[in-house]
Amino acid sequence: VQLQASGGGLVQAGGSLKLSCAASGVTGSARAMAWFRQAPGREREIVARISWSGGRTSYADSVKGRFTISRDNAKKTVYLQMNILKPEDTAVYYCAADTSRVLGGISPYEYDYWGQGTQVTVSS
(Lines give C-alpha, C1' and ligand atoms only; values in the text may rest on other atoms or scores of the structure.)
Protein backbone atom coordinates (compact mmCIF):
# COMPACT_ATOMS: atom_id res chain seq x y z
CA VAL A 1 0.00 0.00 0.00
CA GLN A 2 1.28 3.43 -0.91
CA LEU A 3 -0.18 6.75 0.21
CA GLN A 4 0.58 9.95 -1.69
CA ALA A 5 -0.24 13.21 0.06
CA SER A 6 -0.50 16.49 -1.84
CA GLY A 7 -2.02 19.95 -1.67
CA GLY A 8 0.17 21.68 0.85
CA GLY A 9 1.56 25.14 0.36
CA LEU A 10 1.95 28.66 1.72
CA VAL A 11 -1.18 30.56 2.68
CA GLN A 12 -2.01 33.63 4.70
CA ALA A 13 -3.82 33.38 8.00
CA GLY A 14 -7.55 33.06 7.42
CA GLY A 15 -7.05 31.30 4.13
CA SER A 16 -7.87 27.76 3.01
CA LEU A 17 -6.13 24.69 1.63
CA LYS A 18 -7.35 21.26 0.63
CA LEU A 19 -5.08 18.28 1.11
CA SER A 20 -5.48 15.02 -0.76
CA CYS A 21 -4.20 11.54 0.01
CA ALA A 22 -4.36 9.01 -2.82
CA ALA A 23 -3.95 5.31 -2.06
CA SER A 24 -2.52 2.73 -4.44
CA GLY A 25 -1.78 -0.95 -4.17
CA VAL A 26 -4.70 -1.41 -1.78
CA THR A 27 -6.68 -4.60 -1.46
CA GLY A 28 -10.39 -4.86 -0.85
CA SER A 29 -10.00 -4.66 2.92
CA ALA A 30 -11.44 -1.68 4.76
CA ARG A 31 -9.13 1.06 5.91
CA ALA A 32 -9.71 3.74 8.46
CA MET A 33 -7.81 6.87 7.50
CA ALA A 34 -6.43 9.84 9.36
CA TRP A 35 -4.47 13.02 9.00
CA PHE A 36 -1.67 13.81 11.41
CA ARG A 37 0.65 16.79 11.57
CA GLN A 38 4.07 17.48 12.97
CA ALA A 39 5.56 20.87 13.62
CA PRO A 40 9.32 21.37 14.19
CA GLY A 41 10.35 20.21 17.63
CA ARG A 42 6.96 18.73 18.39
CA GLU A 43 5.49 15.26 18.39
CA ARG A 44 3.25 14.05 15.60
CA GLU A 45 -0.37 14.73 16.56
CA ILE A 46 -3.76 13.62 15.31
CA VAL A 47 -5.73 16.13 13.29
CA ALA A 48 -8.73 14.18 12.00
CA ARG A 49 -9.95 10.61 11.53
CA ILE A 50 -12.51 9.00 9.24
CA SER A 51 -14.00 5.52 9.12
CA TRP A 52 -13.98 3.30 6.03
CA SER A 53 -17.50 4.27 5.04
CA GLY A 54 -16.99 7.92 5.87
CA GLY A 55 -19.88 7.78 8.29
CA ARG A 56 -17.78 8.46 11.36
CA THR A 57 -15.33 11.29 11.79
CA SER A 58 -13.39 12.74 14.68
CA TYR A 59 -11.34 15.92 15.04
CA ALA A 60 -8.74 17.36 17.35
CA ASP A 61 -10.18 20.17 19.45
CA SER A 62 -7.76 22.63 17.86
CA VAL A 63 -9.28 22.16 14.38
CA LYS A 64 -12.95 21.52 15.12
CA GLY A 65 -15.20 23.76 13.09
CA ARG A 66 -12.36 24.70 10.73
CA PHE A 67 -11.21 21.41 9.17
CA THR A 68 -13.27 18.74 7.42
CA ILE A 69 -12.10 15.24 6.58
CA SER A 70 -13.82 13.31 3.81
CA ARG A 71 -13.18 10.42 1.46
CA ASP A 72 -14.07 9.14 -1.99
CA ASN A 73 -13.60 5.37 -1.92
CA ALA A 74 -14.16 5.06 -5.66
CA LYS A 75 -11.11 7.27 -6.14
CA LYS A 76 -9.27 5.77 -3.14
CA THR A 77 -8.66 9.30 -1.92
CA VAL A 78 -9.05 11.03 1.42
CA TYR A 79 -9.28 14.80 1.73
CA LEU A 80 -8.69 17.40 4.41
CA GLN A 81 -10.37 20.73 3.80
CA MET A 82 -8.71 23.33 5.98
CA ASN A 83 -10.40 26.69 6.46
CA ILE A 84 -9.64 29.72 8.62
CA LEU A 85 -6.03 28.63 8.82
CA LYS A 86 -3.89 29.95 11.65
CA PRO A 87 -0.10 30.26 11.97
CA GLU A 88 -0.21 27.49 14.58
CA ASP A 89 -1.50 25.12 11.88
CA THR A 90 1.93 25.28 10.23
CA ALA A 91 3.34 21.75 10.07
CA VAL A 92 4.04 18.82 7.83
CA TYR A 93 0.77 16.97 7.31
CA TYR A 94 0.72 13.20 6.93
CA CYS A 95 -2.06 10.84 5.93
CA ALA A 96 -2.17 7.40 7.48
CA ALA A 97 -4.12 4.16 7.13
CA ASP A 98 -5.23 1.76 9.87
CA THR A 99 -6.09 -1.69 8.51
CA SER A 100 -7.44 -3.18 11.74
CA ARG A 101 -10.12 -0.77 12.97
CA VAL A 102 -13.33 0.76 11.70
CA LEU A 103 -12.13 4.11 13.06
CA GLY A 104 -8.44 4.49 13.80
CA GLY A 105 -7.04 5.67 17.09
CA ILE A 106 -5.31 8.93 18.00
CA SER A 107 -1.82 7.51 18.38
CA PRO A 108 0.44 7.42 15.31
CA TYR A 109 1.68 4.02 16.48
CA GLU A 110 -1.71 2.51 15.67
CA TYR A 111 -1.38 3.17 11.93
CA ASP A 112 0.10 0.76 9.42
CA TYR A 113 0.81 2.92 6.38
CA TRP A 114 1.92 6.52 5.96
CA GLY A 115 2.14 9.06 3.19
CA GLN A 116 5.30 11.08 2.67
CA GLY A 117 3.96 14.31 4.15
CA THR A 118 3.07 17.66 2.65
CA GLN A 119 4.16 21.01 4.09
CA VAL A 120 1.54 23.54 5.16
CA THR A 121 2.80 26.99 6.08
CA VAL A 122 0.46 29.69 7.35
CA SER A 123 1.83 33.20 7.49
CA SER A 124 0.53 35.81 9.91
In the set Ser20, Ser51, which member is under 18 Å from Gly117 (Cβ atoms), touching a residue at least 24 places away in the same chain (Cβ under 8 Å), among the hydroxyl-bearing types (Ser, Thr, Tyr) and out of contact with any Cys (no Cβ under 8 Å at 6 or more places or on another chain)?
-> Ser20
Residues satisfying the stated conditions in segment 47-57, i.e. out of contact with any Gly (no Cβ under 6 Å at 6 or more places or on another chain) and either of a type in the set (Asp, Glu) or crowded, with 17+ Cβ neighbours inside 10 Å (or both) = Val47, Ala48, Ile50, Ser51, Trp52
Regarding Gln38, is this residue closer than 17 Å to Gln4 by Cβ, in contact (Cβ under 8 Å) with a residue 24 or more places away in the chain, polar (S, T, N, Q) and open to solvent by 20 Å² or more (accessible area, probe 1.4 Å)?
-> no
Residues of segment 83-124 being open to solvent by less than 40 Å² (accessible area, probe 1.4 Å), within 13 Å of Leu3 (Cβ to Cβ) and not in a loop (DSSP other than H, G, I, E, B), in sequence order, are Tyr93, Tyr94, Cys95, Ala96, Ala97, Asp98, Gly115, Thr118
Restricting segment 63-86 to residues that are among the small types (Gly, Ala, Ser) and more than 14 Å from the chain's Cα centre (by Cα), the residue that is modelled with the highest pLDDT = Gly65
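The values are calculated or read from the model by the stated rules, or taken from the named source; none is laboratory data. As the structure is a prediction and not an experimental result, all values here were calculated from the model. Glycine also receives a Cβ, built like all others from the backbone with ideal geometry; neighbour counts cover every protein chain displayed. All accessible areas refer to the heavy atoms of the entire protein, side chains included, with ligands and DNA or RNA removed. Shrake-Rupley method; radii C 1.70, N 1.55, O 1.52, S 1.80 Å.
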